[in-house]
Amino acid sequence: MRKFTDEGTENFKTLVLEIANLRINEIGPEIVLKLEALVNDDRITIGLRGKLENLISFTKRFDLAEYFFNLFKENSDLYLCRTESGFWNWISARYLLDLLHSSESASINTRIGGVERWVLTRNTLRYHRHLVSGPFFAYEANFPNPRNAMCQLATNVLDPGELVERISGKRDLASGNVCLLATLLYYDNIKNSLRAGHTSPFGNPKAFSRFFSQLDRTVDYESLSVKDLLELLPENFHKWKKFAQAAIAEHG
Amino acid sequence: MTIKFNYTKRIDLTTDDINAEVVWENDKYYLLLSWDLQKYLLEKNFKVFVDLRNSGTTETHRFDLGPLSSGIANHRIDISHMREPLSSRLRLKVIDINSKVHLIKAQIDNFIPRVPNSFIQQNQSKSLLKIIKDSDGECPWLLKFDSGEPTLVISGKDNFFYIVQENSSLIINLLLGDVVRQILIWLLMSNDFENDEIATKWKSFFFSLGVDPEIFNNQSISELSMSPTEIYVFASQWADVFSSKHNFIRELKSELAKEIQ
């Protein structure tokens, strides 16, 4: 395993900017060689003690997050590296092509995507979009109950989706009882997937995020129970509230 | 005309009401937090919560600091588990937990704790600001930007540079505010950087101070919505924030008092 220096991250960022609009089938040998050269260049990477499994086997965000969580538990050196963007960016670079090809929804038309998906961007609006670190931070923030964050972890690694954008993208929603509420509303525990139609009006994740942003000025919703939060939700969420009410009734 | 409504009578606390500082002790980071809210006559059973966030990331940690009680408190919070303890901002809330919806009765947001002086560090890695000697310089000190790196140039004439080294706290506290001001102006007014790595490190420094990262996303000065005059004013304001955070005036007075004695 290795991690990028600042220069390594910058070089990787430059490469991603070059290829961001390319489709999978447009990635030629030249780009493959450039990536390989980057991740193995001693001048811009630093060696780490530890070994990484091929991330190709983790298609779901939860599985990827859990893998990293356990890896850090066993290796304290790597645990410290989790704070460094160079660490995550090296992993992105090393497995960029594998992750692209492994996606269940990948096709020849799938594009690499924005730079913030691959290069950890120090910006409150974009930090969560990193495909490799995003799931781990959501898992860590909700530990010891990571399944409370399935609203952020149920989707595929390459296709986080709208709910992840709305919940992970807001610090105050990304953990605690509000995060659990979003999971109860939009995540189907039996099917292990997000509920069909969750992004359509009414009571969709955008409305959820907006509602709590308004409430944030005057209510400390983080200290409320899930049951109390559910009662606070306005009527336009009624379609999803029944699922959450059933889950609370069943599990308490 | 702007009219402000305050239906819940939420009190906006001021920076005079609380004190926060990040310290490094016994290989750990601690947040030292204290407040005096007596004058607001809030209920003793209201609860105090603090949310600590990292600027530029999505990390946040919440701490339950118990009942408000007398309105005066001191807390020492271990924040070593945070990814970037030195880049935190806090939101302190006083909550009426007896109300059904847990109303916020008083709060302060985006409060930046004082952090260890990044330039003169006793037990951490090398400082961000490069300092060199100019053997023949007539000017006691200058900030230069040769090779794309802000460099504090201290004159070496008449052993001045070594005198500065001996009295680094006094001298550095005196000029750092303006150094920070000049560097921010340089970051905002440069169309491109000879050394991107150094520029990025300085931008990270200003993020940790509280400057909005978005302001650095413009490709050139022409894209900024600020005139040069406004940039100078903006930079002066952040020099004030930086100086206030490190209590330079208090430190200088203390050093000078020792000299007099």
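The values are calculated or read from the model by the stated rules, or taken from the named source; none is laboratory data. The structure displayed is predicted, hence computed values, not measured ones. Positions of Cβ are backbone-derived with ideal geometry, glycine not excepted, and every protein chain shown enters the neighbour counts.
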Taking helices (runs of 4 or more DSSP H) that do not extend beyond the stretch A:1-83, which have at least 3 residues that are surrounded by fewer than 13 Cβ atoms within 10 Å (Cβ to Cβ) and modelled with pLDDT of 90 or more?
-> A:29-40
Given (1) surrounded by fewer than 17 Cβ atoms within 10 Å (Cβ to Cβ); (2) in contact with a strand residue (DSSP E or B) (Cβ under 9 Å, 6 or more places away or on another chain), A:W88 misses just (1)
Some residue of the stretch B:22-32 being assigned to a loop (DSSP other than H, G, I, E, B), surrounded by fewer than 19 Cβ atoms within 10 Å (Cβ to Cβ) and within 14 Å of chain A (Cβ to nearest Cβ) | yes
May I ask you to list the residues in the stretch A:5-43 that are within 13 Å of A:A93 (Cβ to Cβ) and β-branched (V, I, T)?
-> A:T5, A:T9, A:T14, A:V16, A:I19, A:I31, A:V32, A:V39
Give the stretch B:157-193 a look and list any residue that's farther than 25 Å from B:V241 by Cα and either among the small types (G, A, S) or within 14 Å of chain A (Cβ to nearest Cβ) (or both), or say none.
-> B:D192, B:F193
Quick one: which of A:L181, A:L229 is within 14 Å of chain B (Cβ to nearest Cβ) and in contact with a Phe, Trp or Tyr (Cβ under 9 Å, 6 or more places away or on another chain)?
-> A:L229
Any chance B:L184 is touching a His at 6+ places or on another chain (Cβ under 9 Å), at pLDDT 80 or above, buried (at least 17 other Cβ atoms within 10 Å of the Cβ) and aliphatic (A, V, I, L, M) | no
Specify which of the listed residues (A:R217, A:R166, A:R171) is within 14 Å of chain B (Cβ to nearest Cβ) and touching a Pro at 6+ places or on another chain (Cβ under 7 Å).
-> A:R166
If you go through the stretch B:6-21 one residue at a time, how many are in a loop (DSSP other than H, G, I, E, B) and in contact (Cβ under 8 Å) with a residue 12 or more places away in the chain?
-> 7
Taking the options B:V180, B:V153, name whichever one is in contact with a Phe, Trp or Tyr (Cβ under 8 Å, 6 or more places away or on another chain) and either without any contact (Cβ under 8 Å) to a residue 24 or more places away in the chain or not aliphatic (A, V, I, L, M) (or both).
-> B:V153
Residues that are surrounded by fewer than 16 Cβ atoms within 10 Å (Cβ to Cβ) and either assigned to a loop (DSSP other than H, G, I, E, B) or modelled with pLDDT under 65 (or both), drawn from the stretch B:114-127 = B:I120, B:Q121, B:Q122, B:N123, B:Q124, B:S125, B:K126, B:S127
Which ones in the stretch A:199-252 are outside any helix (DSSP H, G or I) and surrounded by 14 or more Cβ atoms within 10 Å (Cβ to Cβ)?
-> A:T199, A:G203, A:N204, A:D216, A:T218, A:V219, A:D220, A:L224, A:L233
Is it the case that the stretch A:129-145 has a residue that's within 8 Å of chain B (Cβ to nearest Cβ) and of a type in the set (V, I, T)?
-> no
Residues in the stretch A:17-36: is at least one under 18 Å from the mean Cα position of the chain (by Cα) and of a type in the set (S, T, N, Q)?
-> no
Among the candidates A:L173, A:L181, single out the residue that is on the phi < 0 side of the Ramachandran plot and touching a residue at least 40 places away in the same chain (Cβ under 8 Å).
-> A:L181
Residues (part of a loop (DSSP other than H, G, I, E, B) and over 16 Å from B:V179 (Cα atoms)) located in the stretch B:134-159 | B:S135, B:D136, B:G137, B:E138, B:G156
Restricted to the stretch B:84-107, and to residues that are in a loop (DSSP other than H, G, I, E, B) and at pLDDT 85 or above, which residue is farthest from the other protein chains (Cβ to nearest Cβ)?
-> B:N98
